[in-house]
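Here is the structure we will look at.
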Amino acid sequence: MTTRGEPRIAMGSLPLSDRVARTAWRVAPKRALTGAIGWAAGLGIPSGLRSAVLGRFARLYGIDTREAEKPFDDYPRVDDFFTRRLVPSARPFEMRPDAILSPADGTVVESGLAVDGHLLQAKGVLFELDELLADEAAAARLRGGAYLITYLSPSDYHRVHAPVAGEIVGWRHIPGTLYPVNAKSVRRVEGLFIRNERFVTLIEGTVGLTAVVMVAAVGVGHITAAYDDEVATHDRSFLRAPLRAKTYDTRPRLAAGGELATFHLGSTTVVVFEPGRVELSSFQAGAKTRMGETIGRAISVKLDGPSIDGMTRTA
């Protein structure tokens, strides 16, 4: 794990092609492009064409349609298919109470410990936990804890689930830009995950505080929350707010594996745990994860944490 003071990648050290691409994306109308993609994904598909259109879409991106909850004909828009739920057998959860679950399908970007409140974006490139969360109190509790960053490609399942059981303390929506978040962008855009728009869910449970951060990207200016109908980040009330947050008096409760939120097209999740509470498995950048699989173990629990009796898992 890298620490404060290590060198960051300078623009001059990147290949010319990466510098040109970074400059092009810097000036590109990313919000307008994202709006156009969202508009197209929301168009209705005539019922007689759904199998052909969505079948071609699935083949183009390598989507395993056997996992989809419904047949093509039952998805009236590309967005409905992209945000599809899965058949219950697609993602079995380990039932051990100390299991920490992957919140999403995807490819591991980085993992480690947030030493001195730093997370690793790419080799030699760090970003700050307090900037990621835009919440100094939460960042202070999570400083030094284990984290996992996962990139969701178009082929992945795009609903994000709770890695641990607990109560939802609240959420924060942090406006930002919409750079792509693929591997090339991770390498060439310093501070990518704190530049882009993001939606943070805070969960309090027996392993203390957990933050699940959904980072938006070009084409993905739309995140909705399963636990709160108010959340729709493409809505003008979110787009025009400098920062929007909500803390619950009556906290929604979720089991590990319960549905949290949905990316309307693909992006990145960052999950961060309290220090000393969770030990994650060893991950190499580029490894694949599947929502619901065990990614680590709880090694210390809070005896005064919220009761989780009677919770149910959803997939």
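Throughout, read-outs are computed from the coordinates displayed, never taken from laboratory work. Predicted model, so just to flag it, every value in this text is computed and none were measured. Note that we place each Cβ from the backbone using ideal geometry, even for glycine, and neighbour counts take in every protein chain shown.
To one decimal place, what Kirkwood hydrodynamic radius in Å is obtained for the stretch 88-298 from all pairs of distinct Cα atoms?
Every distinct Cα pair counted, the radius reaches 16.7 Å.
Determine the dipole magnitude for the stretch 88-298: charges of +1 sit on the beta-carbon of Lys and Arg, -1 on that of Asp and Glu, nothing else is charged, the reference point is the Cα centre, and the result goes in debye to the nearest 20.
460 debye
Under 5 Å between amide H atoms, partner at least 5 residues away or on a different chain: which partners does residue 299 have, H built in plane at 1.01 Å?
278, 279
Based on the Kirkwood radius over alpha-carbon pairs, what value in µm²/s does the Stokes-Einstein equation return for the translational diffusion coefficient of the stretch 49-170 at 20 °C and 1.002 mPa s?
Here the translational diffusion coefficient equals 125 µm²/s.
Considering amide H positions built from the backbone, and no H for Pro or chain starts, which residues 5 or more places from residue 257, or on another chain, come under 5 Å of its amide H?
162, 164
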